[in-house]
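In what follows, a structure is listed as structure tokens, so that the remarks can point back to it.
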Amino acid sequence: MIKFIRKKIKKFFREFLLYHNSSLEYRAKVLTLVVAVNQKITPCEEELLYQTACKIYNQDEERSEILVETVKEYFQKIVTNNGLDFEHLIFDVEKETKAVKRFAQKIDIELLMEFQKCIDDEEDRIYQLRVIEFLADLKERYTLAQ
């Protein structure tokens, strides 16, 4: 129960309580783009999402959980059409990458490619690959611009 309350408080005050909140939000948006391709988060994707978060934050469990919860929040907004859709999220990621060029370094293509193994439908897999290629292009374009 205490863990649940702590999670809700951190979710609500994430912007004020977290060090480098904008970086975490950016990473969450990138991961959401990859997992939201098939309009559901499969158990395989959820497991991989936790593993990826732990790799990103070097086993910092608290920060990893917040990243995963943020991805789920963005995903829920997309699925329920609650002020965010997939295309808007793509434009948002591109805009933030252009504005804060160091964010481009936070796009880890190898980690994102691991999500390919979780998709069974060939069309969804191709769509996800196109999204990852778009992110790779963003990374290349704005990493060089620094």
> Out of the range 24-119, which trypsin sites (Lys or Arg not before Pro) are coil in DSSP terms and have no more than 11 other C-beta atoms within 10 Å?
Replying inline: K40
> How many percent of the accessible area of the range 93-146 is carbon or sulfur, using a 1.4 Å probe?
Replying inline: 50
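Can you tell me the accessible area per residue over the range 13-139, all protein chains present, probe 1.4 angstrom, in square angstrom?
53
Can you tell me the relative contact order of the range 49-141? Whole percent, Cα pairs under 8 Å, sequence separation 6 or more.
18
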> Using alpha-carbon pairs under 8 Å, 6+ residues apart, how would you state the relative contact order of the range 96-146 in percent?
Replying inline: 57
> Considering the alpha-carbon set of the range 20-146 alone, what are its Rg and its Dmax in angstrom?
Replying inline: 13.6, 38
> If all Cα-Cα distances of the range 94-146 are sorted into 5 Å bins from 0 onward, what percent lands in each bin, rounded to whole numbers?
Replying inline: 5, 21, 27, 18, 13, 10, 5, 1
>> Apply the Karplus curve 6.51 cos²θ - 1.76 cosθ + 1.60, θ = phi - 60°, to the phi angles in the range 114-122 and return the couplings in whole Hz, x for Gly and Pro.
In response: 4, 5, 4, 6, 8, 9, 8, 6, 4
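Using 26 Å as the Cα-Cα cut-off, could you pick out the over-long pairs in K72/K98; K77/K106; K40/K101?
Violating the 26 Å limit, Cα to Cα: K40/K101.
The values are calculated or read from the model by the stated rules, or taken from the named source; none is laboratory data. Remember, it's a predicted structure, so these values are computed and weren't measured experimentally. Every residue, glycine as well, gets a Cβ built from its backbone with ideal geometry; the counts of neighbours run over all protein chains shown. Just the protein is used for accessible areas: all its heavy atoms, side chains included, with ligands, DNA and RNA removed. Shrake-Rupley method; radii C 1.70, N 1.55, O 1.52, S 1.80 Å.
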